[in-house]
Amino acid sequence: MSISVNKINKSYKNVQALKDISFDVKPGELFGIIGPDGAGKTTLFRVLTTLLIPDSGNATVSNFDIITDFKSIRNSVGYMPGKFSLYQDLTVEENLNFFANIFKTSIQENYDLIKDIYVQIEPFKNRRAGKLSGGMKQKLALCCALIHKPTVLFLDEPTTGVDPVSRKEFWNMLKRLQLTGLTILVSTPYMDEAALCDRIAFIQNGSILEIDTPNAILNHFSKKIYNISADNMYQLIESLKAYEHTYSAYPFGECIHYSDKRTDLKINELYEFLKLKGLDHIIIDQTKPSIEDTFMALAN
Amino acid sequence: MKLFLGFVKKEFYHILRDRRSLFILFGMPIIQILLFGFAITNEINNVNIAIFDHSKDITTHKIIDKISASSYFSLNKLIENEDDIESVFKKGKVKAVLIFERNFNKKLLTNEQPKVQIITDATDPNTANTIYNYINAIIQSYLHEINKDVPVVYQITPQPRMIYNPELKSVFMFVPGVMTVILMLVSAMMTSISITREKELGTMEVLLVSPLKPIQVISGKVIPYVFLSVINAIVIILLSIFIFKMPVQGSLILLGFESVLFIVTALALGILISTISATQQTAMMISLMGLMLPVIILSGFIFPIDSMPLPLQIISNIIPAKWFIIILKAIMLKGVGIIYIWKETLILLGMTLFFVALSTKKYKIRLE
């Protein structure tokens, strides 16, 4: 196993940030930790990158123990913290050189690993890191985390605050990196990114709710999901919450995602109910459950 | 080694690209030394005085001539009635008024001991005292002059001789003090800020998850500042030699060695501060409040330690600056060698080792 986590607990003063976390990541796997802000994702990353000591439990990264063998881990992993952590007053090239240097390597030595990403920021290599756009910053940070050819790559919310186009590019890069045999642990609050991982773990309030491949997780979801929209969205969700057969109803994009307690929902009945509530232009369609629907169901 | 040099290079980039730290590093020392050297002084020059002469005879005229001829005083006003005395003080025109009593010359010749009253504006007590002493000295010297043919029995003549600073230049006292303050400030504050900046920006997280050892991070942070502080010390010494004619009686090599020792003490203190503060702002506040004030007030820079209350005298012993000022004065003004200051040197060395040991113990290899 590339990463093996066994019953990790970690508390801060009065919050338990991680509760009995256990999972394994296979070599070469792209493993996603999916959860909302404050779920414990960053704490988990800091424990695995030896920055924090867990209260109990143990874990290994590349078969090194995170407590007793932390030095070996620090030598061999790449870590990109959630906050942009490069030197803003150094240029792109200086940053990359600096990180290559502290890992006792050089840009030339591992150039092929970062080439695909670096060519995109190379035109700006004399620009200071602080003056780059969000997507550029992430690419540079990724280059810096990769420059020493790590065995495991830890990416803590790499796409938060990045525009959709850059996000997509970033995930394409991760997929390409995975082909080189690199193990990647990535966290994200975006459910749409979860589908791009080999396996995902849902995390909420410090506990893991479910670990599986994205497809298997979708199949776990037994209920049918309906897309509902109407002229007054606020009144629509209030009415649905008041409906006696409602299992769940939450906003999803421009519609409401609705699931029913019964196995066979009569669409007409629901339509009439909503009509009675004074709603108009009501559209009800069945749709495929997404990762987000699964998460909402699990988190309930 | 290459790894370490890369780190040092990065630190130099940080310093040279930040205008604020460049100003603190090089602007402040020059401004401070010039300010202290020129503006802040205990000497008096051209103090305005007024005279109320009831006698207007040959003796009082001679005394007045002598006083106004000196460069210390300039005669601003002759007062003719009692009421004016208060009004000239209130207007702030003069700092002192001399009142000669009636029949001054006559009384002097008949050995009746005529009186001259010296009224000084004591809103500034030090100046008032100095004015009184200067006027007194001028009158005494006049007395000597007129008595020089008269044999006086049983007289003691004190013969003052001020050594190490015969002209009593206050700049001699300020230069060691300012040099101490600047080295302390630059070394301790700048290092503590530069280490906490890494924590605040999150780059410390990345540095921790790397093969860099704590000792490499810390020494990489410290070395640029040792280098820059040495340049600062040289600039200050050159300024004081060429602008203020401050002598360096002792060995320059010893002076350099002691300065480097003190710089290292201050840097160690800076590292210690950075281990206990999470943000740049905290580090700056601790450096300013915790270092600047004691260094200025308790080091003997401005206020003599001997005249402090006993508890403060005891506290002053733990201020590294106190020992460095003693060393600086001894080398620059007295020209002594290491045999006379080995004790102070040893104390500084001990403090440095203590700070280094404490900060190594406190340096966190993980996040808290």
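The values are calculated or read from the model by the stated rules, or taken from the named source; none is laboratory data. No experiment lies behind these values; they were computed from the predicted model shown. When we count neighbours, we look across all protein chains shown, and the Cβ atoms used for this are built from the backbone with ideal geometry, even at glycine. Just the protein is used for accessible areas: all its heavy atoms, side chains included, with ligands, DNA and RNA removed. Shrake-Rupley method; radii C 1.70, N 1.55, O 1.52, S 1.80 Å.
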Would you check if A:VAL152 is touching a residue at least 60 places away in the same chain (Cβ under 8 Å), within 16 Å of the chain's Cα centre (by Cα) and on the phi < 0 side of the Ramachandran plot?
no
Any hit, segment B:198-206, residues being within 14 Å of chain A (Cβ to nearest Cβ), over 27 Å from the mean Cα position of the chain (by Cα), open to solvent by less than 10 Å² (accessible area, probe 1.4 Å) and under 14 Å from B:GLN281 (Cα atoms)
yes
For segment B:7-54, what are the residues that are open to solvent by 20 Å² or more (accessible area, probe 1.4 Å), in a helix (DSSP H, G or I) and within 14 Å of chain A (Cβ to nearest Cβ)?
B:LYS9, B:PHE12, B:TYR13, B:LEU16, B:ARG17, B:ARG19, B:ARG20, B:LEU22
Can you find a residue that is part of a loop (DSSP other than H, G, I, E, B) and over 25 Å from B:LEU208 (Cβ atoms) anywhere in segment A:101-123?
yes
Failed criterion for A:VAL119 (all others in (1) open to solvent by less than 10 Å² (accessible area, probe 1.4 Å); (2) out of contact with any Asp or Glu (no Cβ under 9 Å at 6 or more places or on another chain); (3) free of Cβ contacts under 8 Å to residues at least 12 places away in the same chain hold)
(1)
Out of the residues in segment A:227-268 that are part of a loop (DSSP other than H, G, I, E, B) and among the hydroxyl-bearing types (Ser, Thr, Tyr), which is surrounded by the most Cβ atoms within 10 Å (Cβ to Cβ)?
A:TYR243
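What residue, of A:ALA59, A:ALA17, is within 14 Å of chain B (Cβ to nearest Cβ), within 20 Å of B:VAL209 (Cβ to Cβ) and touching a strand residue (DSSP E or B) at 6+ places or on another chain (Cβ under 7 Å)?
A:ALA17
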Read through the list (1) over 28 Å from A:VAL25 (Cβ atoms); (2) among the hydrophobic types (A, V, I, L, M, F, W, C); (3) open to solvent by 60 Å² or more (accessible area, probe 1.4 Å), then give the number of the only condition that A:ILE284 fails.
(3)
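Somewhere in segment A:112-126, is a residue touching a Lys or Arg at 6+ places or on another chain (Cβ under 9 Å) and within 12 Å of another protein chain (Cβ to nearest Cβ)?
Of segment A:112-126, the ones touching a Lys or Arg at 6+ places or on another chain (Cβ under 9 Å) are A:113, A:116-118, A:120-121, A:124.
Within this subset, residues satisfying the condition of being within 12 Å of another protein chain (Cβ to nearest Cβ) are none.
Scanning segment A:112-126 turns up no residue that is touching a Lys or Arg at 6+ places or on another chain (Cβ under 9 Å) and within 12 Å of another protein chain (Cβ to nearest Cβ).
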Candidate set from segment A:161-210 (those that are closer than 15 Å to A:ALA299 by Cβ and among the hydrophobic types (A, V, I, L, M, F, W, C)); member that is surrounded by the fewest Cβ atoms within 10 Å (Cβ to Cβ):
A:LEU209
Conditions (1) open to solvent by less than 50 Å² (accessible area, probe 1.4 Å); (2) more than 29 Å from the chain's Cα centre (by Cα); (3) in contact (Cβ under 8 Å) with a residue 60 or more places away in the chain -> B:SER259 fails only (2)
Looking only at segment B:218-247, how many residues end up being surrounded by 17 or more Cβ atoms within 10 Å (Cβ to Cβ), among the aliphatic types (A, V, I, L, M) and more than 19 Å from B:SER192 (Cβ to Cβ)?
5
A:TYR111 - would you say it is among the aromatic types (Phe, Trp, Tyr), more than 18 Å from A:THR183 (Cβ to Cβ) and open to solvent by 10 Å² or more (accessible area, probe 1.4 Å)?
yes
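Here is a yes/no grid of residues against (1) within 10 Å of another protein chain (Cβ to nearest Cβ); (2) in contact (Cβ under 8 Å) with a residue 40 or more places away in the chain; (3) touching a helix residue (DSSP H, G or I) at 6+ places or on another chain (Cβ under 6 Å):
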site	(1), (2), (3)
A:LEU30	no, yes, yes
A:GLY35	no, yes, yes
A:ALA39	no, yes, no
A:ASP55	no, yes, no
A:ILE66	no, no, no
A:ASP69	no, no, no
A:GLY82	yes, yes, yes
A:GLU93	no, no, no
So which residues in segment B:207-217 are more than 35 Å from the chain's Cα centre (by Cα) and surrounded by 15 or more Cβ atoms within 10 Å (Cβ to Cβ)?
B:LEU207, B:LEU208, B:VAL209, B:SER210, B:PRO211, B:LEU212, B:GLN216
